[in-house]
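What follows is calculated from the coordinates using simple rules that are stated; it is not laboratory data. This one's a predicted model, so the numbers in the text were calculated from it and none came from an experiment. Methodologically, a virtual Cβ is constructed for each residue, glycine included, from the backbone with ideal geometry; neighbour enumeration extends over all protein chains shown.
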Amino acid sequence: MHVPPEVTAAMRGAESALRAVFGEHGVPVSGPYDRGRGPGVQIEVDTVDDPAQGVYVGWYVGSAAAKAAVAALALRRSDDLAIRVHGERTVEGLATVRAVLAEAGVRFEEVEDDYRPFTVRVPHEQFNRGAS
């Protein structure tokens with residue numbers, strides 16, 4: 001079951017506002033299913049009616065780095081440089097996400113679970129003030 005249409009619309013409005021914020025700061029944003037893309041912000045809108053619903057912002061390291069890390073994991077090479085680089089770039093990217101959001105005055109919350117590691121939750125309500 002999903003949230004009501006008006007909540008979905010509010011979340012999508014927040015997603016658009018976030019895309020604009022990152023665009024104003026020169027930080028690339030793309031969808032979660034874009035293939036062959038470079039590094040940048042990834043915004044996910046979870047409309048399932050459960051406690052995890054919301055707007056999440058994370059960092060994608062780019063297709064090349066992601067493929068290299070997955071290949072190393074598939075070969076059970078946990079000490080492979082590709083895995084370390086992937087992790088370091090993800091942490092650095094999320095620091096950029098936090099910095100841009102803070103500078104823009106956007107409230108965000110740290111995610112405290114393993115379902116969405118390396119993401120922050122952005123309360124969508126802050127973008128819809130005055131909306132009915």
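Residue-wise HN-Hα couplings along the stretch 44-60, as the Karplus relation 6.51 cos²θ - 1.76 cosθ + 1.60 with θ = phi - 60° gives them from phi, are 10, 10, 9, 9, 5, 7, 8, x, 8, 4, x, 10, 10, 10, x, 10, 9 Hz; Gly and Pro carry x. Measuring max minus min along each principal axis, the C-alpha atoms of the chain give extents of 53, 35, 26 Å (largest first). To the nearest ten degrees, helix 81-103 and the longest principal axis of the Cα atoms of the chain are 20 degrees apart. Between D49 and D113, the FRET efficiency from the beta-carbon distance, with R0 = 22 Å, is close to 0.80.
Report the label-to-label distance for A104 and D80 in nanometres (one decimal), using points 7 Å from each Cα along the Cα→Cβ vector. With each label point 7 Å from Cα toward Cβ, the separation is 3.4 nm.
Between helix 63-74 and the chain there is an angle of about 60 degrees, using the helix long axis and the longest principal axis of the Cα atoms. Sequence-distant contacts, meaning Cα pairs under 8 Å at least 6 residues apart, place the relative contact order of the chain at 25 percent.
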